[in-house]
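Read the structure below first, then the notes.
Read-outs: derived from the displayed coordinates by stated rules, not from any lab. As the structure is a prediction and not an experimental result, all values here were calculated from the model. Note that we place each Cβ from the backbone using ideal geometry, even for glycine, and neighbour counts take in every protein chain shown.
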C-alpha cells in the first residue's frame, strides 16, 4: 500500500513539474516573439512547411468531408421535408466545428509530428546545446518562427477547408441529389452570420498555437521524458506521444471554446 501511494505521489509530482515546464516553454516563446530583431524569412519558410505543403491534404479532406455532409444531411433533412436547408447545414457544420477541428488534426499528423521529431533529434544530437554554447537563443531561433507560422497558417488552411467542403456538399446535394441550386446558397446566405465565422477563426488561431506549442515542447524536453528519450526509439515514442497529446487537446479545447462563445 505504501509503495502504491509513493508511486501515485511521484506520478502526480511529475505531472505538475511537466505541466509547469510546458507553461514556461510557452511563455518563453511568446516573450521571444515580442523581442527584436524581427526576422521574416524564417517565419515564411515555416509557413511554407506548415501551411503550403499541407494544402493538398486539406483540400482533399475538405472536399470529401463536404460531400459526406451533403449526402448524410440530405437524407436526414428529407425525413422532415427540409432539403432546402442543406446549404445552411453543410456551411454551419464546416465553419463552426468540422473545418477548424479536422484541419488541426490533419496538420498535427503532417506537420506536428515532423516538428516534434525535428526538435527531438536536435536535442538527442546535442544541436540545441550547441546553439546555447554559441549564445544563440533556441527559443528565438527555433521555436518563434514555428509558433508564428502555426498561428498564421491554421486560419488560412481552415478557410480553404471550409470553401472546398461547401462546394463538395454542393456537388453532392445539387448535382447528384437534385437540391435546388438557389435554395442551397440562399439557405447558407441567410443562416451563416459573422458570429459563426468568428468562432471558426478563434478556434483555428488557438489550434495553431496549441499544435506548435505541444509538439515543439515535447521534442524540446525529450531528454527529460521518463519513458526514455535517447536514440531513435525515444524520438519515435515521444513523437507518437506528442501527436496523441495534441489531438486530444484540440478536441477538449474545441468543446471549451464552443461552450464559451455560444
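The packing ranking, built from the mean of other Cβ atoms within 10 Å per residue, places the peptides 200-211, 243-254 in the order 200-211, 243-254, highest first. Ordering 44, 172, 31 from the fewest to the most neighbouring beta carbons within 10 Å gives 31, 44, 172. Here are some values of semi-axes √(5λ) of the Cα gyration tensor in Å: (1) 40, 21, 16; (2) 27, 21, 19; (3) 27, 26, 22. Which one was computed from this structure? Identified label for the calculated read-out: (1). Potential lengthening of the chain between residue 241 and residue 114 amounts to 44.4 nm, from the contour at 0.36 nm per residue minus the alpha-carbon distance. Summary value for the chain: 31 percent relative contact order, contacts being C-alpha pairs under 8 angstrom separated by 6+ residues.
Placing pseudo-labels 7 Å out from each Cα toward the beta carbon at residue 97 and residue 125 gives an inter-label distance of 4.4 nm.
When the helices in the chain are scored as -39500 (n - 2.57) per DSSP H run of 4 or longer and the sum is shared across all residues, what 222 nm value do you end up with, to the nearest 500 deg cm²/dmol? My calculation for the chain gives -26000 deg cm²/dmol from helical runs alone.
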